[in-house]
Amino acid sequence: MRILRAKDYDDMSRKAANIIAAQVQLKPDCVLGLATGSTPIGTYKNLVAAYEAGDLDFSEVKSYNLDEYRGLPGDHDQSYRYFMNVNLFDHVNIDKANTHVPDGLMEDYEAACAEYDAAVAAAGHQDLQLLGIGNNGHIGFNEPCDSFIKGTHCVDLTESTIQANSRLFDSIDDVPRQAYTMGIGTIMGAKMILVIANGDAKAQAVHDMCYGPVVPSCPASILQLHPNVVVVADEAALALCPAE
Ligand code: PGA
C-alpha cells in the first residue's frame, strides 16, 4: 500500500482527482469503479473542473458503482444513482448508458447481483476502483462480519452505518436497513484501488486498514493483500498511523 499524505480535505480531493484524471487520460475507455458518500464529493468537483477546462474526456469511460440502498429508486434524492448524477455524471460527457449503479429496486436480487458481477468482469474489471472507508472499516457496504463475502450481495447495515448515514435523511427511521454492495472479490478484482479518507472519525479505520490484521471484522484490511493500492488521506485520518 502506498500512503499519500494530504494536508486537508481539499488537498486530498485534488490529489485523488489527479490520479483518476491520469487514468482517464492514459486510457480513455477505462472502467472506473466509483463511490458515494461525503468523502468523494470534492474529488468529483475537481474532475468536473478538469472536464470543464478541457483536460478530460469521459465519452468512452464506463463506470460501475459500489453500492445502492435496497428499496430506493434511482430518482430518490438519497439514492446513490441520484448522488452520482448530481455530483458527477450530469456535469461531464459520460454516456449515462455506460454508467452502472446497482438497482435498489431489483426483484430477483441474487440473479441481479450475479449479473452485476458478470458485467464488471465482461467489461474487463475496474482499471481504477475509488473507495471511501466507513468509520467501522467497511468498504462499499461490506460491513464488519465473520467472513469476507466475494460477490455483489444484499447486506444488513450495522447500527454504526445507519447512525453515520442518518445525517443525510430527515430521520434515522428513514435510513434503509439494507443495501446492495459489490463484494470483496468484486472490489479486489480492480487493477488499482484508490482509497480516500479524511477526518479524525476515520483514524482508527485507516490504521486498521493499513496496519491491522487482515480480518473480516475490518473489511478494508483485505486491501493489504492487493498489489496496487494507493491511500490518499489527510493528517487527521492518518493520526494513528506511523509517520513514515
Ligand atoms: P463517507 O462514507 O464518505 O460519507 O464518510 C464513506 C463510506 O462509508 O464508505
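Read the figures in this text as sums done on the coordinates, not as results from a lab. Remember, it's a predicted structure, so these values are computed and weren't measured experimentally. Here Cβ is always computed from backbone atoms with ideal geometry, including for glycine, and neighbour counts include all displayed protein chains.
Which value, in Å to one decimal place, does the Kirkwood hydrodynamic radius take for the stretch 170-211 when every pair of different Cα atoms is included? Show your work: numbers first, answer last.
Numbers: mean 1/r = 0.0744 Å⁻¹.
It works out to 13.4 Å.
Could you derive backbone 3J(HN,Hα) for the stretch 116-121 from the dihedral phi with the Karplus parameters 6.51, -1.76 and 1.60 (θ = phi - 60°), listing whole Hz in sequence and x where the residue is Gly or Pro?
4, 4, 5, 5, 4, 5
Exposed loop sites here are trypsin sites (Lys or Arg not before Pro) in DSSP loop states with at most 15 other C-beta atoms within 10 Å. What is the longest stretch of the chain lacking them?
Working: sites that count: Lys7, Lys150, Arg177.
Between exposed loop sites, the widest span is 8-149.
What are the ³J(HN,Hα) values, in whole Hz, obtained from phi via the Karplus relation 6.51 cos²θ - 1.76 cosθ + 1.60 with θ = phi - 60°, for each residue of the stretch 129-144 in sequence order, with x given for Gly and Pro?
Each residue's phi maps through the Karplus curve to give 10, 8, 9, x, 9, x, 4, 9, x, 6, 10, x, 10, 6, 7, x Hz.
What is the distance in Å between the Cα centroid of the stretch 1-65 and that of the stretch 74-118?
A separation of 18 Å, based on Cα centres.
Using amide H atoms built 1.01 Å from N in the peptide plane, name the residues 5+ places from Val231, or on other chains, whose amide H lies under 5 Å from its own.
Arg2, Ile3, Leu4, Val195
What residues have an amide H closer than 5 Å to that of Ala239, excluding those fewer than 5 places away on the same chain, when H is modeled at 1.01 Å from N in the peptide plane?
none
At 222 nm, what helix-only mean residue ellipticity would the chain give, in deg cm²/dmol to the nearest 500, using -39500 (n - 2.57) for each DSSP H run of four or more?
On the way: 7 runs with 73 residues, N = 244.
Per the formula, -9000 deg cm²/dmol.
Is there a quick way to get the dipole size of the chain? I mean about its Cα centre, with the Cβ of Lys and Arg at +1 and of Asp and Glu at -1; what is the value in debye to the nearest 20? Walk me through the numbers before you get to the answer.
Numbers: 16 positive and 33 negative charges, 157 e Å.
Dipole about the Cα centre, nearest 20: 760 debye.
Using DSSP, restrict attention to beta bridges with both residues in the chain and report what percent are antiparallel, rounded to the nearest 5.
On the way: 8 of 29 bridges.
Of all bridge pairs located within the chain, approximately 30 percent are antiparallel.
Please sort by residue number the GluC sites (Glu not before Pro) in the stretch 42-107 whose DSSP state is loop and whose Cβ has at most 12 other Cβ atoms within 10 Å. Present the calculation step by step, with values, prior to reporting the outcome.
Values: sites: Glu52, Glu60, Glu68, Glu107; in loops: Glu60, Glu107.
Listed in order of number, the matching sites are Glu107.
Given q = 0.14 Å⁻¹, what are the Debye log10 I(q)/I(0) values for the chain, with equal point scatterers placed on the Cα positions and solvent ignored?
For the requested q values the scattering log ratios are -0.88.
Provide the per-residue ³J(HN,Hα) series for the stretch 82-95, in order, calculated from phi with Karplus coefficients 6.51, -1.76, 1.60 and θ = phi - 60°, each as a whole number of Hz, with x at glycine and proline positions.
After applying 6.51 cos²θ - 1.76 cosθ + 1.60, I find 4, 3, 5, 4, 6, 8, 9, 4, 6, 10, 10, 8, 6, 7 Hz.
Which of rounded, prolate, oblate describes the stretch 103-143, given a ≥ b ≥ c as roots of the alpha-carbon gyration tensor eigenvalues and a/c under 1.5 marking rounded, otherwise prolate only if a/b is larger than b/c? Show your work: numbers first, answer last.
Values: a/c = 3.05, a/b = 1.26, b/c = 2.42.
Cα axes put the stretch 103-143 in the oblate bin.
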